[in-house]
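The values are calculated or read from the model by the stated rules, or taken from the named source; none is laboratory data. Everything numeric in this text was worked out from a predicted model, so none of it was measured. Cβ: placed from backbone, ideal geometry, glycine included. Neighbour counts: every protein chain shown. Areas reflect the complete protein model, heavy atoms only, side chains present, ligands, DNA and RNA absent. Shrake-Rupley method; radii C 1.70, N 1.55, O 1.52, S 1.80 Å.
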Number of protein chains: 2
Amino acid sequence: MPENVQTSEPTDAGARPAARPGGRNARVRSQILAATMELVARDGVTGLRYEEIAELAGVNRNSVYRNWPDRAELVKDALLQYAKDSAPLHDSGDLRRDLVDFLVALAERLSSSVGRAMLQTTVAATVNTDLTEAMRAAYDQQFAAARRRFESAVDKGEIPPVDSYFLTELLSGPVYLYVNRRRHPFTREVAEKIVDVVLAGIHATTS
Amino acid sequence: MPENVQTSEPTDAGARPAARPGGRNARVRSQILAATMELVARDGVTGLRYEEIAELAGVNRNSVYRNWPDRAELVKDALLQYAKDSAPLHDSGDLRRDLVDFLVALAERLSSSVGRAMLQTTVAATVNTDLTEAMRAAYDQQFAAARRRFESAVDKGEIPPVDSYFLTELLSGPVYLYVNRRRHPFTREVAEKIVDVVLAGIHATTS
């Protein structure tokens, strides 16, 4: 992952904002990564062109080349940002609310064109190594966040010690089916029911 | 769905065995439907040819034409049989065991080439109406079986009254993720954990 993003355009304050989080650099970086995801969803990884990314992001082409000389790295960073932004697992101190928020956001992501493209890649017969690698990294990041969240809940005595992979799949699995089968809408109420049943089940089966 | 399957070949007993379940006719029918699924998985619905089906099934071409003049109907019947045979939900009287068996069989189906092809169709952007319709019918059949099984369990007081769609998706959702992510193997032990947590959760949240 590049340490910072350098652009050839003048910055707001006329100085390098590399060290300022949320500043222009972070914005440019975020725009490039968002544009990359949009184009990957539309054309796939093999059709990805840096010029189009720059145009869609509204940035200088060199900003893309300089910071991501390796296309695989760009795709990976784009996916990591996307996965994090589109369905974050917060730690508000209220596990139930955080999980419900996460499932609702996950359902929205899965319904989006980018989410749909990612899912198609996951189940595709032909394996695209760049994208497959990137998706592996995105899942790792997601599971790491889930593990941290569950550990924090275990520490507070909210839930007994759990296998975080198992718990994550148990919670998010039904969301995929609701969204993809399009039989019944995935509402916040459904998300609450899933979280309530699963958390109660974890409590009841762990002694 | 055709009432019976007529073949131009002589039957074992030299008489029409239409009314004999499990007889030659049922076998021919089953062979045709299995061959259809295999070819749909390999080539998709648009590439489906009756001659190839007959050849693969080892039956007379007329057997296919006569009984399924409509290709969409053939694809639907093939999928219905496949869905039923590949992951049946039995009623042995032991709900836990029946559900664990179902999840284990579902994981096997999803890992197979036919299951994989079906999943790709489900998440594909391009909609093939014949196959989409057939898959709808197969899901309807699956949910009807699940509803019957849950109702029988409710009648016996094994579980409180439940939304069978919700319960089915809650149980089978994680199986899809385990199989498709290929991170951790989906074992019988995992299936048991899912069933135990979900059933305990259903009990604990319904009063």
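Put the label 7 Å from Cα along Cα→Cβ for A:Ser113; what are its distances to the other copies, in nanometres, shortest first?
Copy-to-copy label distances at A:Ser113, shortest first: 3.4 nm.
In degrees, nearest 10, range 0 to 90: what is the angle between the Cα axis of helix A:95-111 and the longest Cα principal axis of chain A?
It is inclined by approximately 50 degrees.
Run the numbers for B:Arg188 and B:Arg42: contour at 0.36 nm per residue of separation, minus the present Cα-Cα distance, in nm. Write down the numbers at each step before the final one.
On the way: separation 146, 0.36 × 146 = 52.56 nm, distance 2.90 nm.
That pair, B:Arg188 and B:Arg42, stretches by 49.7 nm at full extension.
Compute for the stretch A:63-104: radius of gyration divided by Kirkwood radius, i.e. Rg/Rh, restricted to C-alpha atoms, rounded to two decimals.
On the way: Rg = 15.1 Å, Rh = 12.1 Å.
Expressed as Rg/Rh, it is 1.24.
Bin all alpha-carbon pair distances of the protein assembly as shown at 20 Å intervals from 0 and give each bin's fraction as a whole percent.
Calculated P(r), rounded to whole percents: 23, 47, 25, 5, 0.
What do you get for the angle between helix B:24-43 and the principal long axis of chain B? Use alpha-carbon atoms, 0 to 90 degrees, nearest ten.
Roughly 80 degrees, rounded to the nearest 10.
Ranked highest first by the average count of other Cβ atoms within 10 Å around their residues, in what order do A:140-149, A:164-173 fall?
Details: A:140-149: 16.5, A:164-173: 21.7.
In descending order of packing, they fall as A:164-173, A:140-149.
How high is the FRET efficiency between B:Leu56 and B:Thr129 when r is their beta carbon distance and R₀ equals 22 Å, given to the nearest 0.05? List each step's numbers first, then the result.
Numbers: r = 24 Å, r/R0 = 1.11.
With R0 = 22 Å, the Cβ-Cβ based efficiency is 0.35.
If you average the sequence gap of Cα pairs under 8 Å that are 6 or more apart and divide by the length of chain B, what percent do you get for the contact order?
19 percent
Over all pairs of distinct alpha carbons, what does the Kirkwood formula give as the hydrodynamic radius of the stretch A:87-205, in Å? Could you put the intermediate results ahead of the total?
Working: mean 1/r = 0.0660 Å⁻¹.
After inverting the pairwise mean of 1/r, the radius is 15.2 Å.
Straight-line reach only, C-alpha to C-alpha below 13 angstrom: list the aspartates and glutamates that B:Lys76 could link to, leaving out same-chain residues fewer than 8 apart.
B:Asp130, B:Glu133, B:Asp140
How tilted is helix A:188-205 with respect to the longest principal axis of chain A? Cα atoms for both, answer in degrees (0 to 90, nearest 10).
With rounding to tens, the tilt is 60 degrees.
Counting only other chains, and only Cβ atoms inside 10 Å, what mean value do you get across the residues of B:191-197? Intermediate results must be reported in sequence, preceding the final value.
Details: counts 0, 0, 5, 6, 1, 3, 14.
Averaged over the peptide's residues, the number is 4.
Can you give the calculated 222 nm mean residue ellipticity of the protein assembly as shown, where each DSSP H run of n ≥ 4 adds -39,500 (n - 2.57) and the sum is split over every residue, rounded to the nearest 500 deg cm²/dmol? Spell out each step's value before the answer.
Working: 18 runs with 284 residues, N = 414.
Value at 222 nm, helices only, nearest 500: -22500 deg cm²/dmol.
A:Val64: net charge of surrounding residues, Cβ under 11 Å, Lys/Arg +1, Asp/Glu -1, itself excluded? Walk me through the numbers before you get to the answer.
Values: positive: A:Arg29, A:Arg49, A:Arg61, A:Arg66, A:Arg71; negative: A:Glu51, A:Glu52, A:Glu55.
Result for the local shell: +2.
Please average, across the residues of B:177-183, the number of beta carbons from any other chain that are within 10 Å of each residue's own beta carbon, and give a whole number. Each step should come with its number before you reach the end.
Details: counts 11, 4, 1, 4, 7, 2, 6.
Mean number of neighbouring Cβ atoms from other chains: 5.
Would you tally the net charge around B:Thr205, using a Cβ to Cβ cut-off of less than 14 Å, leaving B:Thr205 out, and scoring K and R as +1, D and E as -1?
After counting each charged neighbour, the total is -2.
Tell me, what ³J(HN,Hα) does each residue in the stretch B:62-70 have, in order and in whole Hz, if you take phi through Karplus 6.51 cos²θ - 1.76 cosθ + 1.60 with θ = phi - 60° and put x for Gly and Pro?
Taking θ as phi minus 60°, the curve returns 5, 4, 6, 4, 5, 8, 10, x, 9 Hz for the stretch B:62-70.
At the nearest 100 Å², what buried accessible area, both sides summed, do you get for A and B when the probe is 1.4 Å?
On the way: alone 11570 and 11520 Å², together 19570 Å².
Result for this pair: about 3500 Å² buried.
Give me the net charge for the shell around B:Ala87: Cβ to Cβ below 10 angstrom, other residues only, Lys and Arg +1, Asp and Glu -1. Before the final figure, lay out each step's value.
On the way: positive: B:Lys84, B:Arg109; negative: B:Asp85, B:Asp101, B:Glu108.
Cβ neighbours under 10 Å give a net charge of -1.
Just to be sure I understand the model, the point goes 7 Å from the Cα along the line to the Cβ. What's the resulting B:Arg66 to A:Arg181 distance in nm?
For the pair B:Arg66/A:Arg181, the computed spacing is 3.8 nm.
Taking a cut-off of 21 Å between Cα atoms, list the lysines near B:Lys193, but don't count ones fewer than 8 places away on the same chain.
Output for B:Lys193: A:Lys193.
With only alpha-carbon atoms counted, please give the Rg and Dmax of chain A, in Å.
Reported Rg and Dmax, both Å: 19.2, 61.
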